[in-house]
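This report refers to the structure that appears directly beneath it.
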Amino acid sequence: MTLPPEPNIDIPPSPPDSPPSNVSTKVKRFLQLKATGVHFNQRLASSSALKNPSLLKNLMDFAEINEHEQYATTLPKELKPVPIDGYPYSAYAEELGKSQERLTKRAGKENAGRQKVDFVGPRDSGAAEELDARHARPEKDDRSPKRPRKESSFIFSAIHKRIPTFRHFAVPPHGAQSPIAFATFLSNYSAGDDEFFVRLKHDEILAAEEDGYFLSIRVLNYALNHQYATRSLKPDIPFIVLVTEDVSLYKRTRLSRDGMTVIPVNKIALNDDTTPASSRYRDVMTKLRLWTLSDYRKICFIDADHLIVAPIDGVFDDPATDLRRTLSEDDNIAPGEPTPPHSYLFAARDEAGSYDHAIPPDVNADYLNSGFFVFSPSTEMFDYYMMLAEQQGTLSLKNGDETRERFFDGSFPEQNLLNYAHRPEGNMPWQHLNWKWNMGWPTERDVEAGVKSFHAKFWDDDPGNVQELRGRWEEQRWQMEGYMNARDESLSGKRG
């Protein structure tokens, strides 16, 4: 048989009913996304979820491969591969972890006799130094000694599997006022609405892993309540998470299992004539529902995108967080403005504005940032805020036309509302928290100055992120994952 002079090398047509229409639709969709610069494999490769140390275990569970079978091989028998039972016990991760732990302890004993050198960084005099001294850790502490920050993943897992107890928190009984609490806010919209995230919404777990705000809240909880170097000195401070009705059941359940107090709330919609600076701000007015939590005397609100590097529960003792009587100066009330409550507590940090901010900041700054503040819940104050938001200014006549002069600009809705309600020239001026409690637009200078918490999206590829702080957030994130996995195993074992 001879080949034709011009052989037909065209791809033959597909068999009947192939490929399936749903597969063709998916391929077509991926090609469209690729044409717009969205590459699925690249996005997956950069996904923080794939860096999870527990990913292997999850994949093994999905493939129904047990701990014993993971050491099997597909090599032919004539090559004499090591059988499943042929590895010595010392070759397994658990024993390797124990071996390295023994080496660490031995090195610690060898270094015990060395002279200790204390390094003291530069400090500011005055109130900031007194504040640090007042909230320093006691010399005698019954907790376990601080471990080195950098440890291998399997040693870390082994350490946390031996933790006997975990800290739990709950909403206080109705009518029994808890002195203090931390709080944050999560809405479904904070996760984003880009093409990649929309495609993940059918998978709640993977979508949650890609939601930086959700992950950061879990890291915050770990830092506030569990990590030795950062957890609160005061015992059993609840961590409240306000969630909107569209936050998935998986996220709510995960936050609750981590020990947080999850409180679902209805959204507070923006006025029709309010245009926020970013679409992700459309739900932020719902933060104001925090003022309805009257079971608490003081709450420190922390935006989800924060990193804590030292205990911050001393902020509740900051002099700026004392309850204050509202001034009664009539000249400070604008026409049409609702009557404020008789007393209030609102203390915050000023807006840094850029990476070139001054250290220490200007004590006369007049614009607060609503990412970190301390307040006292009050339904009366909540009603005042709502009236302020609904009225949005007073009616006046200009050139014969009726116009409305707005109380505040709606580009940053809840932040500008709070700035107006607690303006320095008003009857409820906001108080300045000590600047070392929190800083936005963080820089290496802030780290060196001893700031205790930082406001930035450390899970993001923001070029402004300080590498040291980005690394500490990543470290806290994976420590949190290991700790909570061990906690889940411990609790499931008790239930079993």
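Here are a few things to note about the model shown:
- Evaluation of PHE30 against (1) out of contact with any Phe, Trp or Tyr (no Cβ under 8 Å at 6 or more places or on another chain); (2) at pLDDT 75 or above (one fails), failing number: (1)
- Among residues of the range 336-388, those that are closer than 21 Å to HIS455 by Cα and in contact (Cβ under 8 Å) with a residue 60 or more places away in the chain, counted: 24
- Of the residues making up the range 184-202, at least one is of a type in the set (Phe, Trp, Tyr), at pLDDT 95 or above and touching a helix residue (DSSP H, G or I) at 6+ places or on another chain (Cβ under 8 Å).
- Enumeration of residues in the range 232-252 that are in contact (Cβ under 8 Å) with a residue 24 or more places away in the chain, charged (D, E, K, R) and either out of contact with any strand residue (DSSP E or B) (no Cβ under 8 Å at 6 or more places or on another chain) or not in a loop (DSSP other than H, G, I, E, B) (or both): ASP236, ASP246, LYS251
- Of the residues making up the range 240-258, those that are of a type outside the set (Lys, Arg) and surrounded by fewer than 20 Cβ atoms within 10 Å (Cβ to Cβ) are THR244, GLU245, ASP246, SER248, LEU249, TYR250, THR253, SER256.
- Meets criteria (under 18 Å from ASN221 (Cβ atoms), within 16 Å of the chain's Cα centre (by Cα) and touching a residue at least 60 places away in the same chain (Cβ under 8 Å)) for ASP258: yes
- Residue match in the range 469-489 (condition: farther than 23 Å from PHE214 by Cβ, modelled with pLDDT under 90, surrounded by fewer than 18 Cβ atoms within 10 Å (Cβ to Cβ) and charged (D, E, K, R)): no
- If the condition is being of a type in the set (A, V, I, L, M, F, W, C) and at pLDDT 95 or above, then the range 280-304 contributes LEU288, LEU290, TRP291, LEU293, ILE299, CYS300, PHE301, ILE302, ALA304.
- Looking only at the range 214-231, and only at residues there that are hydrophobic (A, V, I, L, M, F, W, C) and in a helix (DSSP H, G or I), the one that is nearest to ALA304 (Cα to Cα): ILE217
The values are calculated or read from the model by the stated rules, or taken from the named source; none is laboratory data. The structure presented is a predicted model; accordingly, all values stated were derived computationally and were not measured. Glycine also receives a Cβ, built like all others from the backbone with ideal geometry; neighbour counts cover every protein chain displayed.
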